[in-house]
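Inspection log for the structure reproduced underneath, given as structure tokens.
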Amino acid sequence: MATNLAKYVSSLGDTLRVWNRDGAKTAALMAEEANVGRMTPVPSLADLGLQCSIIFTMLSHDTAVREVMTALCSAAAARTRWSGEGDAPARPACIMVDCSTVSPDTTRELSAAAEHCGALYVACPVLGRPDAAAAAKLLLFCAGPDAAKQRIAPFVRSLGRKVIDLSGDASKANIMKLLANFHLVSLIELLSEGMTLAEKNGIGRQTYMSFIDEILPVPIVHGYGSRMASDSFDAGLGFTVTLGLKDVNLMRKLGEDSETPLPLADVAYQHLLAAKAAGLADKDWAALAVATRRAAGLDG
């Protein structure tokens, strides 16, 4: 995502300012050939908030998002105070665009905090694995103030193949992302149970997948099914069991708050938890299949 943003910002004659809690990750990102000359590191979140009128964030959980957004809100408040003072030119309101998968409640809280400090808050979580991000083929769910969405539209379009606008309530984007991940984890659970049932009754995993590819010829189905069939659970930069547990917990909380039973999410949660207990916390979340197999008496 950062590389594609940098490419677009470079076309405007500027460089992308970047900051990461892990300085080594910033250095590694800037060293990539596609990013050389297109990125400028900033030493702190305060500097980022003071220098930039549009800020994109991507973090792994709600606590991290709150910490980062609190610091950015402080910078945005200072930016607002200084804007137009004396001979200083007036600056446009800072727009904070969070692409993380977090609770809708967290987004409501941070959206209000941003408004209080004179900033605008847009939730824009993304759907897609790292290869889709690199190819700018992400699906993006975007919600927040219309004026902010209009200003960030070219930046957002540089990241993906489609942007779904979900109104002015920023939390709606997070709800949609949880719905998307609910469908994915339910698919993974379906494939793992079907493959286990087939294997337990003498039908090999690859034979099962040849059937699945015929009735559901969809890349994402083939991708997850193939990982299960070959025990290829190295997450790389993809989605881990630990992150899956976090997201399924958010789905279940959303279901509880809206009085909507989610039995598929409940089953998937238990299998993800068992996979984590088996030492697979950092593996791709398709590793929940290991728990399914072991529950059926098969080797993981």
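On the basis of being more than 18 Å from residue 151 (Cα to Cα), of a type in the set (Lys, Arg) and surrounded by 15 or more Cβ atoms within 10 Å (Cβ to Cβ), does residue 21 make the cut?
Against the criterion (more than 18 Å from residue 151 (Cα to Cα), of a type in the set (Lys, Arg) and surrounded by 15 or more Cβ atoms within 10 Å (Cβ to Cβ)), residue 21 does not qualify.
Do we find a residue being touching a Cys at 6+ places or on another chain (Cβ under 7 Å) and not basic (Lys, Arg) anywhere in segment 172-191?
Taking segment 172-191 first, the residues touching a Cys at 6+ places or on another chain (Cβ under 7 Å) are 173.
In the following step, the residues that additionally are not basic (Lys, Arg) were identified as 173.
Yes: segment 172-191 contains one or more residues that are touching a Cys at 6+ places or on another chain (Cβ under 7 Å) and not basic (Lys, Arg).
I need the full set of residues from segment 143-163 which are more than 18 Å from residue 129 (Cα to Cα) and either aromatic (Phe, Trp, Tyr) or touching a residue at least 24 places away in the same chain (Cβ under 8 Å) (or both), in order please.
Here is the first cut: in segment 143-163, the residues more than 18 Å from residue 129 (Cα to Cα) are 143-155.
Across segment 143-163, the qualifying residues are 143, 144, 145, 147, 148, 149, 151, 152, 154, 155.
Right, residue 26: surrounded by 13 or more Cβ atoms within 10 Å (Cβ to Cβ) and either part of a loop (DSSP other than H, G, I, E, B) or touching a residue at least 24 places away in the same chain (Cβ under 8 Å) (or both) or not? If you could, list the steps in order and put the result at the bottom.
Numbers: surrounded by 13 or more Cβ atoms within 10 Å (Cβ to Cβ): yes; either part of a loop (DSSP other than H, G, I, E, B) or touching a residue at least 24 places away in the same chain (Cβ under 8 Å) (or both): no.
So residue 26 does not fit the description; no.
Which fully enclosed helices (runs of 4 or more DSSP H) of segment 197-300 have 1 or more residues being under 23 Å from residue 177 (Cα atoms), touching a Leu at 6+ places or on another chain (Cβ under 8 Å) and modelled with pLDDT under 95? Write out each step before concluding.
On the way: elements: 205-215, 219-230, 241-257, 263-275, 288-295.
It comes to 219-230.
The values are calculated or read from the model by the stated rules, or taken from the named source; none is laboratory data. From a predicted model like this one, the values you see are computed outputs, not experimental measurements. No Cβ is skipped: glycine too gets one built from the backbone with ideal geometry, and neighbour counts run over all protein chains shown.
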